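Report on the following structure.
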Amino acid sequence: MTAETDKTENKDAVYYDGSCPMCVAIVGKIDGSSNSERFSLKDITAESLPPTFTREEVEREMHVVGADGRIYKNAEAILKLLEPYPAWKFAVTIGRLPGVRRVLPIGYGFVAANRRFLFGPASRVYWLKTIICIGFLCGLFLSPTLWAGFRFFPLTPLVDLLPPIPQPIEWALFLSLVIALAAAIAVSRPRPFIWLVVALVSLMVFLDQERLQPWVYQYGFMLAILGLFFLALRRCRGEGSDAQHLPMRCGEHVFLERATENQPGIHQSRVRLGARAVAEGISDRGLAVFLYLHPDHAVY
């Protein structure tokens, strides 16, 4: 985790990506602290790099060049930044224990992979996705017999001609659903797993209508909305949209594109209002996603 390099100044030089919300948040805490004079903060988007590492390396993980000329990166860089602060002394000591030291890079890698969503304007989207998936998992664990195993009443498939589904297949589908939800929480690109969850839920409801409980409908609907949002997010990034307004623009873009298709004029207006409300909810509030499109009611 460390290497020797030329000593450039009598401070710890912190090289960070100024376009990374996580890095900016960490550097902001350091700059406003009582130990800020111990560090020289260097934004790689505005300053040159030493020859010992590249811009791509700093974009992947923060680098700290100590006053003694040693390079710290990944979790070691965070521990180096925490060294001067007495409140974090115990945590730094624990973090440098041999066993813990091996695990910390895994946690750092997870945070770094999700840094665009954990910090900055899109953080509420990440937490919204996480809360929905955790809630769905809790519902599954509280009702396992609804999804697999023996029941005292027959299944009610949407099509009567379907043969009974063997219990091993039901358990396989149930476990696949649990794994897909866990993966949607953990990975940095959750869209494929979100759609896998929606597909598995749809299949299991098709096999037994009793599974379409109100909470299942709510979680499935919100995950489908988030799946569309992440699709639009990728498109907007490709178009170079401003990151500060990316969540709202992409949210509105995807709903306007998907929801207004083949809708008459009055319904298009209602859908557009709903799309903007959902987009603003994702970017400014992020506590829930609502899209009310009943033809007999206006959308607010």
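The values are calculated or read from the model by the stated rules, or taken from the named source; none is laboratory data. Quick caveat: nothing in here was measured; it's all calculated off a predicted structure. Because the Cβ atoms are built from the backbone with ideal geometry, glycine has one as well, and the counts that use them run over all protein chains shown.
As for the range 47-55, it holds no residue that is surrounded by 14 or more Cβ atoms within 10 Å (Cβ to Cβ), in contact (Cβ under 8 Å) with a residue 60 or more places away in the chain and more than 25 Å from the chain's Cα centre (by Cα).
Here PHE150 meets the list (1) at pLDDT 80 or above; (2) farther than 29 Å from LEU226 by Cβ; (3) in a loop (DSSP other than H, G, I, E, B) almost entirely, failing just condition (1).
For the residues LEU137, LEU203, the requirement of being in contact (Cβ under 8 Å) with a residue 40 or more places away in the chain and touching a helix residue (DSSP H, G or I) at 6+ places or on another chain (Cβ under 9 Å) singles out LEU137.
Scan the range 66-85 and tell me whether some residue there is closer than 24 Å to ASN114 by Cα, assigned to a strand (DSSP E or B), in contact with a helix residue (DSSP H, G or I) (Cβ under 9 Å, 6 or more places away or on another chain) and among the basic types (Lys, Arg). For the range 66-85, residues closer than 24 Å to ASN114 by Cα, assigned to a strand (DSSP E or B), in contact with a helix residue (DSSP H, G or I) (Cβ under 9 Å, 6 or more places away or on another chain) and among the basic types (Lys, Arg): present.
Mind checking whether some residue in the range 200-213 is in contact with a Leu (Cβ under 8 Å, 6 or more places away or on another chain) and of a type in the set (Ser, Thr, Tyr)? Taking every residue of the range 200-213 in turn, none turns out to be in contact with a Leu (Cβ under 8 Å, 6 or more places away or on another chain) and of a type in the set (Ser, Thr, Tyr).
Flag: ALA67 does not match the condition of being in the same structural domain as TYR15 (by TED's automatic domain parsing), in contact with a Gly (Cβ under 9 Å, 6 or more places away or on another chain), farther than 26 Å from PHE193 by Cα and surrounded by fewer than 18 Cβ atoms within 10 Å (Cβ to Cβ).
Answer yes or no as to whether ILE165 is under 18 Å from LEU226 (Cα atoms), out of contact with any strand residue (DSSP E or B) (no Cβ under 6 Å at 6 or more places or on another chain) and modelled with pLDDT under 90. No: the conditions fail for ILE165.
Per-residue answers, yes or no, for (1) of a type outside the set (D, E, K, R); (2) in contact with a strand residue (DSSP E or B) (Cβ under 7 Å, 6 or more places away or on another chain); (3) loosely packed, with under 12 Cβ neighbours inside 10 Å:
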position: VAL125; (1), (2), (3): yes, no, no
position: GLY149; (1), (2), (3): yes, no, yes
position: PHE153; (1), (2), (3): yes, no, yes
position: GLU170; (1), (2), (3): no, no, no
position: VAL178; (1), (2), (3): yes, no, no
position: LEU181; (1), (2), (3): yes, no, no
